[in-house]
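Let me begin by presenting the structure, written as structure tokens, before commenting on it.
Since every read-out is calculated from the coordinates, none of them should be taken as a lab result. Predicted model only: the values in this text are computed from it and were never measured. Using ideal geometry, Cβ is built from the backbone for each residue, glycine included, and neighbour counts are taken over all protein chains shown.
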Amino acid sequence: MSMWKGLHMTAHATHGIHVSSRFIHKHTRLCTLSFRNISTGRLVQNDFFKDLENQLKAFREKAADAMPGSDWTPFEKNRSLPPERADIVIVGGGVVGWSIAYWLKQKEMIRDGVRVLVVERDPTYSQASTVLSAGGIRQQFSLPENIYLSMASADFMRNINEHLSVLNDDPVDLQFNHSGYLFLASEKVAHIMEENYSTQRYAGAKVALLSPTQLKEKCPWINTDGVVLASYGLENEGWFDPWMLLNAFRRKAISMGVYQCFGEVTGFKYTTNTMTTAEGDKVDFRRIKYANVQMPNSLEYQPVECAIVVNAAGAFSGKVAEMMGIGLGLKDTIAGIPLPVEPRKRFIYVVHCPNGPGLDTPFLVDYSGVYFRREGLGGNYIAGMSPEESLGSGLHYLQPHQEEEPETNNLEVDHQFFQKIWPHLAHRVPAFECLKVTSAWAGFYDYNTFDQNGIVGMHPLVNNMFFATGFSGHGLQHSPAVGRAMAELILDGGFKTLDLSAFSFKRIMTKEPMLERNIV
């Protein structure tokens, strides 16, 4: 019987030989696919369940998005738009804004407990004041608040990777050069330097006063003509890379859940509550409900519902304040007092001098207002000078007239301005008689025209707009400590580590300036 079965199977196989080649090809493919499926049956089964799990996961995510309180919408989103809701909107993505964002997330009690949005209008940061600064940090101020801010910020920078390191990213390297600041005083202002020195030492800053002889011993390349006294920072002073600090804050804050948006805040929607004073005057109190964010090079904008707005827009924070009517009220009223911050353009020149001061050159500030520091290696330096002010209260005793300020509608460099700087440089450092300007750039100070100090805190008539602006050139170096102070003020209701209440808007209302006598 088995023999007949074998013959039968042979006959069938032989019969199959006579079918067309198209039939053979077709069935060969089917057979191959069939065997392939049989041999990988377990893998196909696993893929099926894996796909099913992914589909279920996607379904669960869509279901969660559709719940009340989510950002789900049936319309396609523009991914560059900011979220529709945020607890805190920070206007300005410079180093101060990102520092505030970092500290807000650092202080939150639970993950995503505080929803923070940072809005920056310059996606390239090519015109940002932070990256266009000289990058200095010093403790040699005349006000205790500024000294404490510098000391706290220097401590933060020394231990920056304990604060701003991100998992699997390279460590932060600020390229901090600890060569110190060296201030020079003439006979006319030596007493101010001595007073500042006493304040700095009392606050705990490590500073030393040098006679002309001691100065010459320390810096043989310097001409001490006209110098009566010098002040040198022994520690926690020098310069660093501004972009590295900004980017470190930004990178860390984003890793902690801060939202970033490149756009411009063009207005606010707010409610108004009118109250009558005992004298019968009506006062309007406003509260922001939405911040309108317009996308770059587009008419598209997104209203962002928010509870708090932080005005950290730097040189342009005055314009942001005007959007809320600040300063547009009747004269001699609180509503008529503007935020006294405006852009002031400053020039920085890069010069090459092969025989200039060596690697231990400090950040030198002459009583003429001229300053310079080393820039990298190879005989390169950066130098600048601020136009003379009318206050007459600075360390270099500024003249009683005010020099015309450069135009602020662009960042073009006035190369002729260097002709005012060079004589002072060459007088103080004879080697600079032979130098060459290799490049230059311009940047904006967020200049406080009232007293050249920061404005930190809430506006009295807009109780959910906070200011962190007006630092007049020292916002970069104070940004770590200012960010922490602002986070405390917003989340804790008051300052905890450093009391910055003296920098509130109240001093502007009462016309009581806090003049800093050591402005560079």
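Considering every alpha-carbon pair of segment 278-386, the percent of pairs per 10 Å bin, from zero through the bin containing the longest distance, is 11, 24, 20, 17, 19, 8, 1, 0.
Given R₀ = 25 Å, FRET efficiency for T272-D332 by Cβ-Cβ distance, to 0.05?
On the way: r = 21 Å, r/R0 = 0.83.
After rounding to 0.05, the efficiency reads 0.75.
Here the Debye sum runs over all C-alpha atoms of segment 209-280 as equal scatterers in vacuum, and log10 of I(q)/I(0) at q = 0.15, 0.16, 0.20, 0.27 Å⁻¹ comes out as -0.77, -0.80, -1.00, -1.17. Listed peptides 81-90, 377-386 appear in the order 81-90, 377-386 once ranked by packing, highest mean of other Cβ atoms within 10 Å at the front. For F495 and E412, the FRET efficiency from 1/(1 + (r/R0)^6), where r spans their Cβ atoms and R0 equals 30 Å, is about 0.15. Label positions at H427 and D284, each projected 7 Å from the Cα along the C-beta direction, are separated by 5.3 nm.
Highest-first packing order for the peptide set 363-373, 450-460 is 363-373, 450-460, based on the mean count of other beta carbon atoms within 10 Å.
The convex hull built on the alpha-carbon positions of segment 420-459 has an orientation-averaged projected area of 5.1 nm².
Taking a straight Cα-Cα cut-off under 20 Å and skipping sequence neighbours fewer than 8 places away in the same chain, the aspartates and glutamates within cross-link reach of K57 are D47, D65, D71.
For the peptides 277-284, 155-162, 223-230, 91-98, the ranking by packing is 91-98, 223-230, 155-162, 277-284, with the highest mean count of neighbouring Cβ atoms within 10 Å listed first.
Taking label points 7 Å from Cα along the Cα-to-Cβ direction, D112 and E512 give a separation of 4.6 nm.
Which percent of the Cα-Cα distances in segment 441-509 go past 13 Å? Distances greater than 13 Å cover 64 percent of the Cα pairs. Summarising the label geometry, the points placed 7 Å from Cα in the beta-carbon direction at E322 and V350 lie 3.5 nm from one another. List, in the order given, every pair from K331/K506; K107/K511; K218/K420; K331/K496; K188/K216 whose Cα-Cα distance in the structure shown is over 25 Å. As for pairs spanning more than 25 Å Cα to Cα, those are K107/K511; K218/K420; K331/K496.
Would you mind getting me the FRET efficiency between E300 and Y202? Use the beta-carbon distance for r and R0 = 60 Å, nearest 0.05.
On the way: r = 55 Å, r/R0 = 0.91.
Plugging the Cβ-Cβ distance into 1/(1 + (r/R0)^6) gives 0.65.
Please report the equivalent ellipsoid semi-axes of segment 157-249, computed as sqrt(5 x eigenvalue) of the Cα gyration tensor, largest first, in whole Å. Working shown, then result.
Details: eigenvalues 238, 45, 20 Å².
So the three semi-axes of segment 157-249 are 34, 15, 10 Å.
Averaging Cα coordinates gives a centre for segment 409-477 and one for segment 241-285; these two points are 24 Å apart.
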